[in-house]
Amino acid sequence: ARWTPGEVTALIDYLHDHHAEHSEAGNFKDTTYNAAAAALRPLYNNIGAIKTGKMVGSKWAALKATYNVIESYRSQSGVHWGNDCGANIQGEDAAALWTQYLEQKGSTAMKPFRNNGWGYYEKIHEIFPS
């Protein structure tokens, strides 16, 4: 499904407000996804489809996957992560290490974050259990 930035932000805000309803893995029940879809309906502007609970669950899974890739990167020793500049790769040595990192299995999803942050990171980080 096609999502507008406003819909994604509203979804994250909704799930953030209802974070107590998630499981240990950070997933929500279908009732929460359905309620989030209902909360998104007023934002529908004929772009894409009206969101269903199933679409909300799928979008949340994709957002979680991005979050988990960033968390995996951040957990490494000696790396930088900033919400404004992402991995902040500067210079030839850092670029070479970055290229090596991206060649590792499961790491290519970090490619957009070489020098760009992810505006949803902080809010999603607050949703997940510590």
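The values are calculated or read from the model by the stated rules, or taken from the named source; none is laboratory data. Here the structure is a predicted model, which is why all the values come from computation and not from measurement. Here Cβ is always computed from backbone atoms with ideal geometry, including for glycine, and neighbour counts include all displayed protein chains.
In segment 32-47, which residues are among the polar types (S, T, N, Q) and over 21 Å from GLU126 (Cα atoms)? Walk me through it before giving the result.
Taking segment 32-47 as the starting set, the residues that turn out to be among the polar types (S, T, N, Q) are 32, 34, 45-46.
If the condition is that a residue be among the polar types (S, T, N, Q) and over 21 Å from GLU126 (Cα atoms), then ASN34, ASN45, ASN46 are the ones that fit.
Being out of contact with any helix residue (DSSP H, G or I) (no Cβ under 6 Å at 6 or more places or on another chain) and at pLDDT 90 or above: is that true of TRP118 here? In short, yes.
Consider segment 90-130 and keep the residues that are touching a residue at least 12 places away in the same chain (Cβ under 8 Å) and basic (Lys, Arg). The one that is nearest to PHE28 (Cα to Cα) is LYS123.
Only a single criterion out of (1) farther than 30 Å from LEU97 by Cβ; (2) of a type in the set (A, V, I, L, M, F, W, C); (3) surrounded by fewer than 18 Cβ atoms within 10 Å (Cβ to Cβ); (4) under 13 Å from the mean Cα position of the chain (by Cα) is not satisfied by TRP60, namely (3).
Kindly check whether there is at least one residue in segment 71-86 that is at pLDDT 95 or above, crowded, with 17+ Cβ neighbours inside 10 Å and out of contact with any strand residue (DSSP E or B) (no Cβ under 9 Å at 6 or more places or on another chain). Scanning segment 71-86 turns up at least one residue that is at pLDDT 95 or above, crowded, with 17+ Cβ neighbours inside 10 Å and out of contact with any strand residue (DSSP E or B) (no Cβ under 9 Å at 6 or more places or on another chain). Can you say whether ILE89 is over 17 Å from the mean Cα position of the chain (by Cα), surrounded by fewer than 16 Cβ atoms within 10 Å (Cβ to Cβ), not in a helix (DSSP H, G or I) and not small (Gly, Ala, Ser), as far as the supplied structure shows? So ILE89 does not fit the description; no. Of all residue pairs spaced 6 or more apart or on separate chains, those with beta-carbon atoms under 6 Å, a first member in segment 47-69 that is outside any helix (DSSP H, G or I) and a second member that is among the hydroxyl-bearing types (Ser, Thr, Tyr) and at pLDDT below 95 are ILE47/THR4; ILE50/TYR44. LEU102 passes every criterion in (1) part of a helix (DSSP H, G or I); (2) within 29 Å of LEU15 (Cα to Cα) apart from (2). So, GLY26, is that one surrounded by 15 or more Cβ atoms within 10 Å (Cβ to Cβ), in a loop (DSSP other than H, G, I, E, B) and within 14 Å of the chain's Cα centre (by Cα) or not? So GLY26 passes the test.
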